[in-house]
Amino acid sequence: MSIPEPRGWNTWDVRFHTGWSHLPGGLRLRFALRDTGGTLFDGFTWRHGLVRLGHHTVEGAYAEVEVTAFDTRLRLEASGGTDELAVRATATGAAAAVLLIDEATGFGGEPVAVSPDGVVTHGAERWVLECSPAPVARDGSALVLAPDTLVSLRPAAAAAYDVAARIADAAAAAPRIHTAGWLGDSADAMTRALTWNTVYAPDLGRVLTPTSRDFVCQQREGFYGSWALHTWDTFFTGLVAAWVDPAYAEGIFAQILDQADPSGMLPNRVSDDKGRTDDRSQPPVGAYTVLKAYLGSGLSPRTRRTALLRGAYPALRDWHSWWLASRVGPHHLLAWGSDPVPGDTESATVDRARRESGLDDSPMYDDVALDPATHTMNLADVGLNALHVADAEALATIAAELGHEAAARAYAAHAASAAARIDALLWDPAGGRYRNRWADGAFSEHSSPTLLYPLLAGVPSPRRAQAVADALLASDALGGDPPLPSTARDDPGFSTRYWRGRVWAPMAFLAVEGIRRYGLDAHSRPIVDALLRLFLGEWTAHSHVRENYPVVPGEDVRPLAARSDGLMGWGGLLGYLAIQELADPRPDGWRFAHPGRDASVEGLALAEGRLSVRAGERLVVALDGRPLLDVPPGTVVTGYERDASGVRLRVSGEGGGIAVAVPDGRRDVTVRVGERTAAYPVGPDGLVRIAAHDVALEIR
């Protein structure tokens, strides 16, 4: 599955943020800046002149970008996505904007010719190029543009169009999530870190969304030729994309699920020039993220994107089984590993096993060895075992949704037994927390947010979960500001570098999801608030959605040596966490709540329409502008589901007068409040008003 489809004009050439390519043919044009001495520059990256990425729709109908070089700023605003391209190029400064049409195009390999009258010939294709005003100068196929130029490129048989109007219309019509108030413009940051990282893979003939185009492109100081996919990166990217466009998210999930080998293993990485990592996988977060995206795709099981589950389930099922077949280590628990691969001298090594964890240089794995019999670390890992339990729980729900009842029961039983083993074997009574355990039975002294993952898996009792959170989230451990460093501050291996201390959005997401599962709001709310400040701070100052975030004030993580990419899709999880404070899809239904500060999120893409939640004097949930819920700010709504037959929800907190939208056309409804049933009138606005507090409601 390739979503979006590889067609029309778009920004999908991984090398250029200021270039547009036409697919499937491959004609490419790009914009550069030229100084007064004639030097051209178009290698804009976050470390070299990329200033701001504006909104970019999934299919490329609208895109905006600003770059700088030679003390000149260039702003490009474009309408694409079809066979007609319209661009406004505005240069402010002494340098000039230059339009380059490649004479040997990249994707198709066919030569390009540009005639003096603006006819572009590319193989059998003929295009008409127009600039208004006319170019200041021409050097072969390079056109030196006036400071504010409108550019159009259309098939020769197509009629001319109003370029400025085309761009304005595309900007006005571009669908988007919008956030405000406490959430700031976090939705813009989340969206742009996805859509601007969507690229075309010529060797595959499909569109991909890697976590970052800078990271995967060697020409942009990255580590691969032109594309690479990493397993847990892609699952988190798909989750963030789910509210932007559910079909887009489904395509992102599919691009990694397609990479399973015959044993069911999803590789750590697959790329164009370095191939597959057949010796190792990455953390098992697939079923959890796919289920979360599914739950967020609609307001009830009758409306959600069941196709997402049907498409993902076989690969997720086989991957879950692979872990049990290939990664059983000390104490018959799971451990990270690396299998021997003929011809790969670095396989079956400690370094490769560390990379399977996704936490490449974490102090937790400083002293590990690899068991030559099992090819696993001599360390039973809390995080891995808890994630595998959460994976089993998610698979149980997915299987039940698809009607596989026997499989659902088997996954639920496995999750329960594996959780009990974690509780028995990885609980350190002396330390009062879960710990990684060496093969000789000793507990590891290292500490990271992975020790909170048992909460994600529902392992501890509520009392034990509270004690774990209290201990680990102390200010000298995993608390403080910013919270959830990748290594605890009191760990001897803590530093400001990479997985030894930086704040990482995926790790924070998994930890907070666990804390929320136990309703430990006193811990989760300040953590989410602090992480949102960190997220918005980098976005406001630098337009960055980071690979990882600084753990100490004032650290500049922008240089290449700092190893923190400037625009990485999974960084958007910090914004996703904050949006969840208002709207969170859960297995038992949606949770809606007021975060205690004015905030709003609008335009979440659901099957039924665009969902909005506004938190002000009251909490109002609306679908395509029509209110679904109107409740006091102290009320928490959980278990919310709505379809054509009715609405169910639970009200807790302050309660009081609430208003709930009923299915269309009803003049009166039957409301079950706890154990009591009564008839209620429906107002002219389609809402039924109920005085309710700490009670379950069912409206039919």
Q: Would you be able to say whether some residue in the range 14-21 is in contact with a Gly (Cβ under 7 Å, 6 or more places away or on another chain) and either in a strand (DSSP E or B) or in contact (Cβ under 8 Å) with a residue 12 or more places away in the chain (or both)?
A: yes
Q) Is there any pair with a first residue in the range 675-698 that is touching a residue at least 24 places away in the same chain (Cβ under 8 Å) and over 15 Å from residue 649 (Cα atoms) and a second that is among the aliphatic types (A, V, I, L, M) and open to solvent by less than 90 Å² (accessible area, probe 1.4 Å) whose Cβ atoms are under 6 Å apart and which are 6 or more apart or on different chains, and what are they? A) 686/661
**Q.** Check on residue 555, of a type in the set (Asp, Glu), closer than 17 Å to residue 178 by Cα and either touching a residue at least 40 places away in the same chain (Cβ under 8 Å) or open to solvent by 10 Å² or more (accessible area, probe 1.4 Å) (or both)
**A.** no
Q: State whether the residues of the range 371-380 include one that is in a helix (DSSP H, G or I) and surrounded by fewer than 22 Cβ atoms within 10 Å (Cβ to Cβ).
A: no
Q: Kindly check whether there is at least one residue in the range 640-648 that is without any contact (Cβ under 8 Å) to a residue 12 or more places away in the chain, out of contact with any helix residue (DSSP H, G or I) (no Cβ under 7 Å at 6 or more places or on another chain) and either within 30 Å of residue 247 (Cα to Cα) or part of a strand (DSSP E or B) (or both).
A: no
Q: Pull up the range 8-24, narrow it to residues that are open to solvent by 10 Å² or more (accessible area, probe 1.4 Å) and within 24 Å of the chain's Cα centre (by Cα), then point me to the one that is nearest to residue 223 (Cα to Cα).
A: 15
Q | Residue that is farthest from residue 640 (Cα to Cα), among those in the range 597-620 that are in contact (Cβ under 8 Å) with a residue 40 or more places away in the chain, open to solvent by 50 Å² or more (accessible area, probe 1.4 Å) and not basic (Lys, Arg) | A | 598
Q | Residues being more than 30 Å from the chain's Cα centre (by Cα), small (Gly, Ala, Ser) and in a loop (DSSP other than H, G, I, E, B) - total across the range 26-44 | A | 2
(Q) Let me confirm something: among 437, 533, which residue is open to solvent by 20 Å² or more (accessible area, probe 1.4 Å) and under 21 Å from the mean Cα position of the chain (by Cα)? (A) 533
Q: Evaluate the following for residue 165: is it under 20 Å from residue 89 (Cβ atoms) and at pLDDT 95 or above?
A: yes
Q. Can you tell me which residue in the range 106-121 is modelled with the lowest pLDDT, limited to those that are surrounded by 12 or more Cβ atoms within 10 Å (Cβ to Cβ) and part of a loop (DSSP other than H, G, I, E, B)?
A. 106
Q: Say whether the condition of being among the small types (Gly, Ala, Ser), over 30 Å from residue 493 (Cα atoms) and outside any helix (DSSP H, G or I) is met by at least one residue in the range 341-348.
A: yes
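The values are calculated or read from the model by the stated rules, or taken from the named source; none is laboratory data. Worth saying up front: this structure is predicted, and the values here are computed from it rather than measured. Reconstructed Cβ throughout: ideal geometry from the backbone, glycine too, with neighbour counts over all protein chains shown. Note: areas computed on protein heavy atoms with side chains; ligands, DNA, RNA excluded. Shrake-Rupley method; radii C 1.70, N 1.55, O 1.52, S 1.80 Å.
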